[in-house]
Amino acid sequence: MAVKPMPDDEATVGGGGILDTQRFPYLYGALRGLARVVARLYWRIEIDGAARVPRTGPVILAPVHRSNVDFLVATVVTERKVFYMAKDTLWRAPRFGRFLEWAGAFPVHRQGADRQAVQRSQAVLEGGGVLILFPEGTRQAGPVVAALHEGAAFLSARTGAPIVPVGIGGTAEAMPKGSKFVRPVKVHVVVGEPIPAPPAPGRVPRRQLHEVTGQLQAELQRVYDTARTRADPAARRH
């Protein structure tokens, strides 16, 4: 999912309570450990550049989005607790919604600008946390990174969090859009260099959002191309 800036001439955001990052730490650790085992054994996942993810302080992980399993893969690039957005329809089942919240998720309405999702995202970052944000928005297809939303740049400017582009190759084959099954294919992840937050005292000028988003677009395409090729050398020809 992607956070969209407020539809004003200059973007602003309200405050929000900092999300609790210490809920059930042992159970959360076990779940993360299970995710790593699945990724290593089932997808033979390899990660290049994991050390580029800051070990402390706020950070936005900005992966490409080609499959429903991308969020799980993105969590493997860091040992830190992560938060992420999920489509609000998943909360129709209250118990599943509570599980998602325990795992670090919060709902986002994909129609228009969701102010509450923006506030929660900002709260995560202001609390020094890690936010997974898919800048393409919904799942895409093909080798070309789609036009990016400006939510990552907006949150970066407002909180000082660097943006880390994450290329993920192979998940489109592991679980294509519309598939109900996950396939044991090779997955490769390439973590790019962090993009520093632009200085933004007060309001965030649209020009800054455009510039940072353009930089993210170029870097995300680069790491995605590399990840696809390393996951499947035949991808070099496409």
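Here, each number is a calculation from the coordinates, and none is a lab measurement. Predicted model, so just to flag it, every value in this text is computed and none were measured. When we count neighbours, we look across all protein chains shown, and the Cβ atoms used for this are built from the backbone with ideal geometry, even at glycine.
Data for the structure
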{"read-out": "Hits in region 73-95 (condition: crowded, with 17+ Cβ neighbours inside 10 Å, out of contact with any His (no Cβ under 9 Å at 6 or more places or on another chain) and not aromatic (Phe, Trp, Tyr))", "value": "73, 74, 75, 76, 77, 78, 80, 81, 82, 85, 86"}
{"read-out": "Where residue 69 falls short, out of the listed (1) within 24 Å of residue 224 (Cα to Cα); (2) touching a strand residue (DSSP E or B) at 6+ places or on another chain (Cβ under 7 Å)", "value": "(2)"}
{"read-out": "Given (1) touching a Pro at 6+ places or on another chain (Cβ under 8 Å); (2) closer than 20 Å to residue 31 by Cα; (3) buried (at least 20 other Cβ atoms within 10 Å of the Cβ), index of the condition residue 125 fails", "value": "(2)"}
{"read-out": "Test: residue in region 182-198 that is more than 25 Å from residue 76 (Cα to Cα) and surrounded by 16 or more Cβ atoms within 10 Å (Cβ to Cβ)", "value": "yes"}
{"read-out": "Odd one out for residue 117 among (1) over 13 Å from the mean Cα position of the chain (by Cα); (2) in contact (Cβ under 8 Å) with a residue 40 or more places away in the chain; (3) farther than 28 Å from residue 205 by Cβ", "value": "(3)"}
{"read-out": "Any pair with Cβ under 8 angstrom, 6 or more apart, that starts in region 126-144 at a residue that is of a type in the set (Lys, Arg) and ends at one that is surrounded by 21 or more Cβ atoms within 10 Å (Cβ to Cβ) and part of a loop (DSSP other than H, G, I, E, B)", "value": "139/65; 139/66; 139/67"}
{"read-out": "Of all residues making up region 37-71, the number that are surrounded by fewer than 20 Cβ atoms within 10 Å (Cβ to Cβ) and of a type outside the set (Val, Ile, Thr)", "value": "14"}
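The rows are residues; the columns are (1) within 18 Å of residue 168 (Cα to Cα); (2) in contact with a helix residue (DSSP H, G or I) (Cβ under 9 Å, 6 or more places away or on another chain).
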site: 52; (1), (2): yes, no
site: 63; (1), (2): yes, yes
site: 92; (1), (2): no, no
site: 102; (1), (2): no, yes
site: 107; (1), (2): no, yes
site: 116; (1), (2): no, no
site: 119; (1), (2): no, no
site: 126; (1), (2): no, yes
